[in-house]
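Asker: To start, I am sharing the structure in question, which I have written as structure tokens.
The values are calculated or read from the model by the stated rules, or taken from the named source; none is laboratory data. Only a predicted model underlies this, so the values are computations on that prediction, with no experimental measurement involved. Virtual Cβ from ideal backbone geometry, glycine too; neighbours counted across all protein chains shown. Surface accessibility is based on the protein's heavy atoms, side chains included, excluding ligands, DNA and RNA. Shrake-Rupley method; radii C 1.70, N 1.55, O 1.52, S 1.80 Å.
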Amino acid sequence: MSRPLHFILNRREVQAQVPAGQLVLDYLRETRRMVGTKEGCREGDCGACVVLIGELQGDAVRYRAVTSCLMPAHELAGKHLVTIEALRGPRLSTVQQAIVEEGGSQCGFCTPGIVLSLTGALLEHSAPLDAAAVKTALGGHLCRCTGYRSLKAVRNHLADVPRGLEGLVGAGELPAWFSGIPARLSAIATSDTDSPSPAAGQHYAVAGGTDLYVQQGDDIATSSSVEVLGTRPGLRGIRSEPGALVLGPATTFEELAESPDVRAMIPQIRAYMDDIASIQIRNRATVGGNLVNASPIGDVTILLLALDTTLTLESRSEDPRRVGLRDFYLGYKQLDLAPDELVTSISISRPPRGSRISWEKVAKRRTLDIASVNSALVMRDENGVIREATLTAGGVAPTPYFLAETSAWLLDRLVSVQTVVEAANLAQSEVTPISDIRGSAAYKRLLLRQLIWSHFQTLYPDRISFEALYREAAC
Amino acid sequence: MLKNIDGALHVRGEAEFVDDELRPSNLAFGCVFGSPVAHARVRSLDISAARRAPGVLAVILAKDLPGTNEVGPIIHDEPLLAEDLVRYVGHPLALVIADTAAQAREAARRVRVELDELPPILDPRAAFDSGEIIGATRTFAIGRPDAAWPDCRHVVEGRCDIGGQEHVYLETQRARATPLENGRIRVLTSTQSPYAAQKHIAQVLGLHNNQIEVEVRRLGGGFGGKEDQATHWACFAAVGARIAGVPVEVVLRRDEDFRHTGKRHPYSADFRLGADADGRIVVFEARHFQNAGAAADLSPGVLERTLYHGTGSYRVPNAKLFAASCRTNLPPNTAFRGFGGPQGMFVIESALASLADSMRVPRENLQALNLISPGDVFPYGQVVEDRRTRRTWDAVTKKVDLAGLRQRVDAFNATHFALKKGFAVMPVTFGISFTTTFLNQAGALVHVYTDGSVSVTTGGVEMGQGLTTNIAAIVSRALGVQPERIRVENTNTTRVANMSPSAASSTTLLNGNAALAAALEIGERLKLVARRETGSAAKAEVEIRDEEVRIDGRPTGLDWQALVSATYLSRTDLSAHGFFATPDIHFDKRKETGRPFAYHAGGTAVTEVTMDCVRGRYSIDAVHIVHDIGRPLNRVIDLGQVEGALAQGLGWMTVEDLRYDDSGHLMSRNLASYKVPDAFFMPDVLEVDFLEDADEKLGPFGNKAVGEPPLMYGIGVFFALRYAMKAFAPRAEIPFAAPLTPERVLLGMHPEALDSAEVDPEALGPAAHS
């Protein structure tokens, strides 16, 4: 028996034996019968199960909204789990009152999760929530009743509500006991940093779990050997080194988007993230998980594949080794990764000065949807002559795909409409899309052309116009 | 104004759903084993391994059912558990009861079935050609549809293919059944139709209705998906409880709900429209092929409403509308907000779009020209009685400055290459009443307790539509007391009997009026006592307002509490049962004419979109609506119904893309692959105005039914997107195929991509690398 899981559940400190792979959602609803948290889909797509996870950062606690249906309970170690049961004070909070006033709840099933996401946004933000912030908080939630107008209108009630933990407690928006959480967490955190030791049987290493649980949730829940990587020291964080950014593989998408170092390298990273998953998933999904998941359509994977990315792999028996991301994918869901190997760091070489980066994605629904095709281009020109180019695309091959021939063909060519059209045509000979639920092969081929065109139009708006591309293609 | 009466419970997470109830220690769980293929004869079913699995209490097959194995609501063609023939993927074959839900699921995986596969039929036209037709085909006709064609200057014809829609109620199907003394069963479930659940549980268990108690607290959304199809899951829980002898809960996971339950019906249709030189409709013909799935379910009723709304909001002097319900090997399709009406309206709107293309005139001009007026007759014989459709059209087109909007859109499109805007007007005229006339009845039970508090039970179900709040408002107003005094009880078959489903937009209309009748009856008794207590004359006018008795308008100091006490002490009944049946409705199915609807409800919407024509992505920029709500009963709730229905309509027309593979397996089988509108998808400009001066005499309190009609505003987005597509690719042929997904949009504007494609884009293989 490993040592009991130790965390704070709302106001109470909990020490309990919890199966390693059990979901936070099941722990709440089944084990504890705290039923305010709802299950709507068990795949992170509806937000009915959203809870807040508070984690010490220095002396303060940082709260993030996450879907409890994709989070292993063991990751709660040393953290503060906040559920709707914590928000049952003698009066409604402003968020709660605003939802009632605006008619933002109809059947009420999605409502508890929404209350937590909006409360989380107030904890998170320093400035008053603008329309975009409210929409982002609502983004991971499906409400089938309202049409969202009434939920977006909650913002109109929040102008005078303070943000941050102390402010919210001071205004009576959160129970007073919240103030004591940072100190209580630090007492736990220092005593509890071990990760459970792997046992026999099918072993699962869970990073964010946002895809692994969707695909193998029942198996993980009953496995006796689940390792939660998020609690393992050294796997998180972003470090700037000369010539490269080094990411811990358990770095989340949101951490990636927030990092000034990453923004310096990939200026549009925040905008890209708005088309990737939802805030509740980005708070859990990890960069390493996205790479190792090997989905041919991984959004962050396609971006890192276009950059010069190298992985460090470690195992118990062998010396660490390094492998380039472009050599990592061997076939559909096949990796150059031994069963006992773990990605322990991700190094992204800093592109040479003057490089430009573009990332594109088209999905059926713009937000929280899997791409039909995504693509990235990293390139550099000198006086309009292409000196470096790396083009990648997802959804067009069995693996996240580096279009080596097209990339090579682009070298030493002028950035021109003709070059772009020819490159997009050449790309067609490199890819092998298939028809599936994300789109027909014909659609994916067309999309690839459109996205390649879009890269250049975005990066060189003065030289490349869509009108000229269409004219050129028609010739 | 009264907000949602359960709002505080919702936001505190205290609102209880079926599986939130306290669990008895011996609660067991059920899981269904369903057919792995779409069509097959069952050679053998081996449940021995499942029986031996850990925690299993029972594995139940059709032969184990004590009563009749039948749950079809209209036609008796649907067994609860399949026997020798399976007709769709997921068709239930066995029910496993175990100590935990995980054990039940694990055991269900151990059921072995040997099948002789039969070819599945998935397409309604193919089913029709094979004679797989459910019930009778139907034809509505008016005027001289066959003789009118020579009078036409313009004739267009075409085809529509309309996708289905998954309900995505956030709360999946679920029920908990508890065995009671004397063989009775109590079932707590999430159904729009408690009586249907009661009746069918009694049938499959071989019991009487009075041995089954069905209770419904609230639904986490229904939208039609729990009108008939919640029955099955309530039956499974009850059968499990009966046979295993312990309380049994059945809760579907999302993927199970996707797999086992029916959806909005896909349709395929042919149309032909003839118009005079000005574009006035002379004659319209349509043939609707409904994809009913593997059993009748409610399909005949849905089919009927397709015909009722087959001419939309337009005057069609000569019409012939044919419709057939076609049996296929999909899960039985079922009620979904709009109930066949949306599909009918889509076809006439497509025909008008086609006519506008052909005549090279703005589509909205033809819509306006042909809009119904008083005295016009629908093909089913009902006469248009008011100008409300026109009034809403005028109000909203004035608000958005329709002519100016077209100019702005065209000017934008002329100056932008890759971005194009589009817009469309969508009028909706939707008949209110169950088209099965006898269902238009409701009962309610009102008690006033001696402390002045009030208990109300109706046959209606709270599913998020705000019924509870509406009922409380109606009763408080009728009795003259504060809404806080009113407790609206769970719906329960022992308190109100034989209730119709909460459906057809009529739940407040029927149950509100029934509750009103009961409250008024108690009110009359109270007034008799009030006269006596105040020593007033027999003809004095008594009114209870703000919890105080007024005689001839003057306050008396006799308050509600004292009046109720006096009434009780005088041995006067403080309870009443109320009943309501919609007056003046009838329909003759042999002649296919009558007055099936109490009235029509609807309005007009204008939808604006922007399309990124290079990437095939689009956004809905704005929807403006003027809606006829009668007199709002509760603005917040009425508004919520309009906006929520619109969202579902927009989703149905755009991103909600149900796909089955060639073997009948659902490919869009979870929320990762089936996308519904989210906060980003919905327009930031969503303005709904209610039509002024529009009281509806049937009420209650001047209010009109609102649940379904606004869904059909969503149809406008299809034509707005089509407008933008045509601005980019004027010569492209854009089929009337919904939903208009980003894929269809991009390929529609780049038809050459299909010519050069190596593979047929419609031949979608199994989902592989995603």
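Asker: Could you compute how fast region B:272-339 diffuses translationally, taking Rh as the Kirkwood radius over C-alpha pairs and applying Stokes-Einstein at 20 °C with viscosity 1.002 mPa s? Give it in µm² per second.
Answerer: This corresponds to a translational diffusion coefficient of 162 µm²/s.
Asker: Can you work out the FRET efficiency for the pair A:Asp412 and B:Thr437, with r the C-beta to C-beta distance and R0 = 60 Å, to the nearest 0.05?
Answerer: Result of the calculation: an efficiency of 0.15.
Asker: Then there's this: Could you tell me what percent of the accessible area of the protein assembly as shown is made up of carbon and sulfur, with a 1.4 Å probe and every protein chain present?
Answerer: 49
Asker: Let's see if you can work this out: charge +1 on each Lys and Arg Cβ, -1 on each Asp and Glu Cβ, no other charges. What is the dipole magnitude of the protein assembly as shown about its Cα centre, in debye to the nearest 20?
Answerer: 1240
Asker: Further question on the same structure: To the nearest whole number, what is the average tally of beta carbon atoms from other chains within 10 Å of the beta carbons of peptide B:718-727?
Answerer: Mean shielding count: 0.
Asker: How much of the DSSP bridge set in the protein assembly as shown is antiparallel, in percent, rounded to the nearest 5?
Answerer: Antiparallel bridges make up about 85 percent of those DSSP assigns within the protein assembly as shown.
Asker: Please report, to two decimal places, log10 I(q)/I(0) for region A:223-294 at q = 0.14, 0.19 Å⁻¹ as given by the Debye formula with identical point scatterers on the Cα atoms and no solvent.
Answerer: Here the Debye-derived log intensity ratios amount to -0.46, -0.81.
Asker: Can you tell me what percent of all Cα-Cα pairs in region B:307-394 are more than 18 Å apart?
Answerer: 53
Asker: Same structure again: Projecting each Cα onto the charge dipole of the protein assembly as shown (Lys/Arg +1, Asp/Glu -1 at the beta carbon, about the Cα centre), which of B:Gly649, A:Pro320, B:Leu479 comes out farthest on the positive side?
Answerer: The residue sitting farthest along the positive end of the dipole is B:Leu479.
Asker: Pop out a list of residues from region B:647-689 that are at least 40 Å² less accessible with all the protein chains around than in their chain alone; 1.4 Å probe, no ligands or nucleic acids counted.
Answerer: For region B:647-689, once contacts with the other chains are taken into account, B:Leu671, B:Ala672, B:Ser673, B:Lys675, B:Val676, B:Asp678, B:Ala679, B:Phe680, B:Asp684 lose 40 Å² or more.
Asker: Evaluate chain A: find the radius of gyration of its Cα atoms, find its Kirkwood radius, and give the ratio Rg to Rh.
Answerer: 0.99
Asker: Let me ask another. Taking only C-alpha pairs under 8 Å that are 6+ residues apart, what is the relative contact order of chain B in percent?
Answerer: 14
Asker: Under a straight-distance cross-link criterion of Cα-Cα below 16 Å, which lysines are reachable from B:Lys420, leaving out those fewer than 8 residues away in the same chain?
Answerer: B:Lys420 reaches B:Lys726.
Asker: With θ set to phi - 60° and the Karplus curve 6.51 cos²θ - 1.76 cosθ + 1.60, what are the ³J(HN,Hα) couplings of region A:67-81 in order, to the nearest whole Hz, using x for Gly and Pro?
Answerer: 3J(HN,Hα) across region A:67-81, in whole Hz: 8, 6, 7, 10, 10, x, 4, 4, 6, 6, 3, x, 10, 10, 9.
Asker: For region B:595-655, state the average projected area of the convex hull of the C-alpha atoms over all orientations, rounded to one decimal in nm².
Answerer: 5.7
Asker: Sticking with this structure for a sec: Which whole number in µm²/s is D for region B:557-640 by Stokes-Einstein, with the Kirkwood Rh taken over Cα pairs at 4 °C and 1.567 mPa s?
Answerer: In µm²/s, the coefficient rounds to 66.
Asker: Also, quick follow-up: Hey, what angle do you get for helix A:111-124 against the long axis of chain A, alpha-carbon based, 0 to 90 degrees rounded to 10?
Answerer: Approximately 80 degrees, to the nearest ten.
Asker: Have a look at the DSSP beta bridges in chain A and tell me what percent are antiparallel, nearest 5.
Answerer: Bridges in chain A that DSSP calls antiparallel: roughly 90 percent.
Asker: Continuing with this model, one more query. Relative to the longest principal axis of the C-alpha atoms of chain A, give the angle of the C-alpha long axis of helix A:441-459, reported between 0 and 90° and rounded to the nearest 10°.
Answerer: For helix A:441-459, the angle is close to 90 degrees.
Asker: I've got another one for you. Tell me which residues come under 5 Å, amide H to amide H, from A:Val226 once H is placed; ignore anything under 5 positions away on its chain.
Answerer: Long-range HN contacts for A:Val226: A:Ala199, A:Tyr204.
Asker: In whole Å, what are the Cα extents of region A:364-418 along the three principal axes, biggest one first?
Answerer: Sorted from largest, the Cα extents of region A:364-418 read 39, 23, 18 Å.
Asker: Something else about it: Considering the dipole of the protein assembly as shown built from charges on the beta carbon (Lys and Arg +1, Asp and Glu -1) around the Cα centre, which of B:Gly225, A:Thr83, B:Leu510 is farthest to its positive end?
Answerer: Of B:Gly225, A:Thr83, B:Leu510, it is B:Leu510.
Asker: Let me cross-check A:Arg463: its accessible surface, 1.4 Å probe, with only protein heavy atoms counted, in Å² to the nearest 10?
Answerer: In the full protein context, A:Arg463 sits at about 110 Å².
Asker: What's log10 of I(q)/I(0) for region A:1-141 at q = 0.09 Å⁻¹, Debye sum over Cα points only, no solvent?
Answerer: -0.27
Asker: Still on this structure: Could you sort B:631-637, B:245-251 so that the peptide with the highest average Cβ count within 10 Å comes first and the rest follow in order?
Answerer: B:245-251, B:631-637
Asker: Say each of A:Ala187 and A:Thr432 gets a label point 7 Å from the Cα, pointing the same way as Cα to Cβ; how far apart are those two points in nm?
Answerer: 6.1
Asker: For region B:166-179, take each phi angle, set θ = phi - 60°, evaluate the Karplus expression 6.51 cos²θ - 1.76 cosθ + 1.60, and give the result in whole Hz per residue in order, putting x for glycine and proline.
Answerer: Each residue of region B:166-179 in turn: 7, 5, 6, 4, 5, 8, 5, 4, 6, 7, 10, 10, 10, x Hz.
Asker: Right, next: What list of ³J(HN,Hα) couplings, whole Hz, do you get for region A:101-109 from phi and the Karplus terms 6.51, -1.76, 1.60, once you set θ to phi - 60° and write x for glycine and proline?
Answerer: 4, 7, x, x, 10, 10, 7, x, 6
Asker: Around A:Asp381, which amide H atoms from residues at least 5 apart in sequence, or from another chain, sit under 5 Å from its own amide H, with H modelled in the peptide plane?
Answerer: Residues meeting the criterion, in which the H sits 1.01 Å from N, are A:Arg387.
Asker: Now a separate question. Please work out the Cα convex hull volume for chain B and give it in Å³ per residue.
Answerer: Dividing the Cα hull volume of chain B by its residues yields 172 Å³.
Asker: Additional query: Would you grab the residues whose amide H sits under 5 Å from the one on B:Val282? Only those 5+ places off in sequence or on another chain, please, with H modelled 1.01 Å from N.
Answerer: Residues meeting the amide H criterion: B:Gly274, B:Ala275, B:Asp276.
Asker: Over region B:614-770, what is the percentage of antiparallel beta bridges among all DSSP beta bridges, to the nearest 5?
Answerer: So the antiparallel bridges amount to about 25 percent of the total.
Asker: So which trypsin sites (Lys or Arg not before Pro) in region B:517-610 end up in coil per DSSP with only 14 or fewer other C-beta atoms within 10 Å?
Answerer: For trypsin sites (Lys or Arg not before Pro) across region B:517-610 that sit outside H, G, I, E and B with at most 14 neighbouring Cβ atoms in 10 Å, the list reads B:Lys539, B:Arg571, B:Lys589, B:Arg590, B:Lys591.
Asker: Any chance you could list P(r) for region A:330-444, counting all Cα-Cα pairs in 10 angstrom bins from zero, rounded to whole %?
Answerer: Values per bin, smallest distances first: 12, 36, 34, 17, 1.
Asker: What does the structure give for B:635-642 when I average, per residue, the other chain Cβ atoms found within 10 Å of the residue Cβ?
Answerer: Counting other chains' Cβ atoms within 10 Å and averaging over B:635-642 gives 4.
Asker: Quick one: in the protein assembly as shown, what % of C-alpha pairs are over 55 Å apart?
Answerer: Above the 55 Å cut-off, the protein assembly as shown has 20 percent of its Cα pairs.
Asker: Separate question: So if I place +1 on the C-beta of Lys and Arg and -1 on the C-beta of Asp and Glu, and nothing else carries charge, what would the dipole magnitude of region B:589-671 be about its Cα centre? I want it in debye, nearest 20.
Answerer: Magnitude of the dipole: close to 520 debye.
Asker: Placing +1 on the Cβ of each Lys and Arg and -1 on the Cβ of each Asp and Glu in chain B, which of B:Asn69, B:Leu467, B:Asn329 has its Cα farthest towards the positive end of the resulting dipole?
Answerer: In chain B, that residue is B:Leu467.
Asker: Is any helix in chain B, taking whole DSSP H runs, at least 24 angstrom long along its axis by alpha carbon and on average at least -0.5 on the Kyte-Doolittle scale, and which ones?
Answerer: B:341-359, B:513-534, B:635-653
Asker: Also, I was wondering about something else. Rounded to the nearest 20 debye, what is the charge dipole size of region B:368-493 about its Cα centre when +1 sits on each Lys and Arg Cβ and -1 on each Asp and Glu Cβ?
Answerer: It comes to approximately 620 debye.
Asker: Would you kindly give the portion of the calculated P(r) for region B:215-351 that falls above 23 Å, as a percent of all Cα pairs?
Answerer: More than 23 Å apart: 46 percent of the Cα pairs in region B:215-351.
Asker: I would also like to ask the following. Give the share of C-alpha pairs in each 5 angstrom bin for region B:639-709, from 0 to the last occupied bin, in whole percents, shortest bins first.
Answerer: 3, 13, 17, 17, 14, 11, 10, 7, 5, 3, 1
Asker: How big is the shadow of the Cα convex hull of region B:621-770, averaged over all directions, in nm²?
Answerer: In nm², the orientation-averaged hull projection of region B:621-770 is 12.0.
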